[in-house]
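One structure below.
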Amino acid sequence: MDPDALRKVCLSFPGAYEDYPFGPETAVFKVRASSAGGSPTPGKVFALSSMSPDGYVNLKCEPGLAVQLRAAHPEITGAWHMNKTHWNGVRLDGALPDDMVRDMVEDSYDLVVAGLSRRQQEQLGWARLSGAAGTERG
């Protein structure tokens, strides 16, 4: 998956935005909803990428699945500078199918949104899944 395709996928989710808190070489994709008072809350990270050809993306992942993905795909490792129990580093060198990367981005977004308040989930249009495990979007 090239950087433009990754950006498009990441920004396709409700409440998603791109930030550069670590400088221009690292894009951080976050999700944000309003607080109970209506003011914006700080965003929660669901993807972090070098945005370069043959780069990488760090994605949140359910711990058991993270171990399985790492064992099955050498392109997937524990994410650098992140909690390796909950974050995978995924090489974007074309070895993994784009659909698989897209699914991992979506799973990362869903895991982060599942940790938001029910009200914030509703603001993002995610309320129909707030009572479920939060592993799929409709």
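The values are calculated or read from the model by the stated rules, or taken from the named source; none is laboratory data. What you are looking at is a predicted structure, and each value in this text was computed from that prediction instead of being measured. Note that each Cβ is placed from the backbone with ideal geometry, even for glycine, and that neighbours are counted across all protein chains shown. Ligands, DNA and RNA are excluded from the accessible area calculation, which covers all protein heavy atoms including side chains. Shrake-Rupley method; radii C 1.70, N 1.55, O 1.52, S 1.80 Å.
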Open item on the list: Can you tally the net charge around GLY89? Count Lys and Arg as +1, Asp and Glu as -1, for every other residue whose Cβ sits under 13 Å from the Cβ of GLY89.
Closed with: +2
Task: Neighbour count of at most 11 Cβ within 10 Å plus DSSP loop: longest chymotrypsin sites (Phe, Trp or Tyr not before Pro)-free window in the chain - done: 81-138
Task: ³J(HN,Hα), Karplus 6.51/-1.76/1.60, whole Hz, each residue of region 105-117, x for Gly, Pro - done: 5, 4, 4, 4, 4, 4, 4, 5, 5, 4, x, 7, 5
Task: Candidate aspartates and glutamates for bridging to LYS60, where Cα separation is under 19 Å - those fewer than 8 sequence places away on the same chain excluded - done: GLU18, ASP19, GLU75, ASP98, ASP99, ASP103, GLU106, ASP107, ASP110, GLU136
- [ ] Give the ranking of HIS81, HIS86 by solvent-accessible surface, highest area first, calculated with a 1.4 Å probe.
- [x] HIS81, HIS86
TODO: Report the paramagnetic label zone for ALA5: residues of region 103-120 whose backbone N is under 14 Å from a point 7 Å from Cα along the Cα-to-Cβ axis.
DONE: 103-105
Open item on the list: Using each residue's phi in region 42-57, evaluate 6.51 cos²θ - 1.76 cosθ + 1.60 at θ = phi - 60° and report the 3J(HN,Hα) Karplus result to the nearest Hz, with x for Gly and Pro.
Closed with: x, x, 10, 6, 10, 7, 9, 9, 6, 6, 10, x, 6, x, 8, 9
